[in-house]
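The values are calculated or read from the model by the stated rules, or taken from the named source; none is laboratory data. Predicted, not measured: the structure shown is a model, and the values here were computed from it. Here the Cβ positions follow ideal geometry from the backbone for every residue, glycine too, while neighbour counts run over all protein chains shown.
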Amino acid sequence: MKKYIRLIITLLVMLPCITTFAQDSPEFLAALIKNFDQKTTVPLSFKQDMAEALSVQEQFLAHLSRTMGKPVGYKAALTNPGAQTKFGVDTPVYGVLLEKMLVPSGSKLPVHFGTLPLMEGDLIVRVGSEDINEATSPESLLAGLDAIIPFLELPDLVFKKGTSLSGPALVAVNAGARLGVLGNVIPLTADASTMAALGKIRLEMTDSTGTVVGHGYANALMTHPIKVVEALRDHLLSQGSKLKKGDLISLGSITAMVPVRKPDTIKLTYFGIPGVETAEVTVEFVP
């Protein structure tokens, strides 16, 4: 009798998971996993709601973590009003960064690193204290960070060209996270001058000929990078999670997304990061 009672309890515990999976369009999830691994476009659109998108993302990440390693932080997307309007949302959306998604500056990567290879100038900040979860002001949020890292993100939207995209669709594919190139870790000081400087950081993306192929300012990130940190922190708290010391936060697009079409060397140059005159990230795309 005890054996059957334990079996019934186990089934009752598993039932919500089974129901969730059934509602999450397993056909889409299977296609996403297959096509992401093969670097081919997903032939299906994702039309479910945000709750189902989050569940699909969780299952997708469980698959990716087998080869890409453990979570090391978060990726914010749709951090400017224009992008939010395009995707039909009024807040940013988020993905998870895994350890092997991130490579150091100077790395060589294949041109066809993803399904639809893209690049964009970005910034990462690092959580220095879990007090950030109780921060109630921009200043206390800044005090919860200990570093800023130049970052060339290499996203991959994976959907077939022409597919109508939405906020839930982007969440389901883990906000398009594929790879990213990290610059040097630059310590942050929690003071008024640092706060002011963060919103004025300027970025240029150039190719091997010196041609500027992308540019922008950090105020494209919800008008100030610290607002992205706050939005992510609040999102995690609403989901019953918290930021942890050492977590990396990719803040979103400073430049427009630029297609990667041919072998080339790309350089990001940052102007105005507190404490340094300039900072750089480079990557070489090879055949």
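For segment 94-110, a residue qualifies if it is closer than 29 Å to residue 161 by Cβ and either among the small types (Gly, Ala, Ser) or not in a strand (DSSP E or B) (or both), and the qualifying residues are 95, 100, 101, 107. Identify all residues within segment 219-235 that are hydrophobic (A, V, I, L, M, F, W, C) and in contact with a Leu (Cβ under 6 Å, 6 or more places away or on another chain); write none if there are none. 221, 226, 228, 229 - these are the residues of segment 219-235 that are hydrophobic (A, V, I, L, M, F, W, C) and in contact with a Leu (Cβ under 6 Å, 6 or more places away or on another chain).
One residue stands out among those in segment 85-110 that are under 16 Å from residue 223 (Cβ atoms) and touching a residue at least 12 places away in the same chain (Cβ under 8 Å): the one that is surrounded by the most Cβ atoms within 10 Å (Cβ to Cβ), which is 92. Taken together, 165, 157 contain a single residue that is of a type outside the set (Ser, Thr, Tyr), under 13 Å from the mean Cα position of the chain (by Cα) and part of a loop (DSSP other than H, G, I, E, B), which is 157. Which one is surrounded by the fewest Cβ atoms within 10 Å (Cβ to Cβ) among residues in segment 230-277 that are out of contact with any strand residue (DSSP E or B) (no Cβ under 6 Å at 6 or more places or on another chain) and of a type in the set (S, T, N, Q)? Per the criteria, the residue is 238.
Can you give me the number of residues within segment 70-95 that are β-branched (Val, Ile, Thr) and in contact with an Asp or Glu (Cβ under 9 Å, 6 or more places away or on another chain)?
1
Candidates in segment 31-44 are the residues that are surrounded by 15 or more Cβ atoms within 10 Å (Cβ to Cβ) and either over 17 Å from residue 155 (Cβ atoms) or in contact with a helix residue (DSSP H, G or I) (Cβ under 7 Å, 6 or more places away or on another chain) (or both); of these, the one that is modelled with the lowest pLDDT is 44. The residue list 113, 60 contains one member that is of a type in the set (Phe, Trp, Tyr), part of a helix (DSSP H, G or I) and in contact (Cβ under 8 Å) with a residue 40 or more places away in the chain, which is 60.
Restricting attention to segment 239-287, the residues being of a type in the set (S, T, N, Q) and under 21 Å from residue 129 (Cβ atoms) number 3.
Each row is one residue, and each column tells you yes or no for (1) more than 23 Å from residue 93 (Cα to Cα); (2) out of contact with any strand residue (DSSP E or B) (no Cβ under 8 Å at 6 or more places or on another chain).
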residue	(1), (2)
133	no, yes
154	no, no
197	yes, yes
202	yes, no
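Annotation: of all residues in segment 111-144 being within 29 Å of residue 189 (Cα to Cα) and polar (S, T, N, Q), the one that is surrounded by the fewest Cβ atoms within 10 Å (Cβ to Cβ) is 136. Taking the numbered list (1) among the hydrophobic types (A, V, I, L, M, F, W, C); (2) modelled with pLDDT of 95 or more; (3) within 25 Å of residue 95 (Cβ to Cβ); (4) outside any helix (DSSP H, G or I) in turn, residue 256 passes all entries but (2). Return the pair list, or none, for Cβ contacts closer than 7 Å from residues in segment 188-205 that are outside any loop (DSSP other than H, G, I, E, B) to residues that are among the aromatic types (Phe, Trp, Tyr), at least 6 apart or on different chains. Matching pairs, first to second residue: 202/217; 202/271; 203/270.
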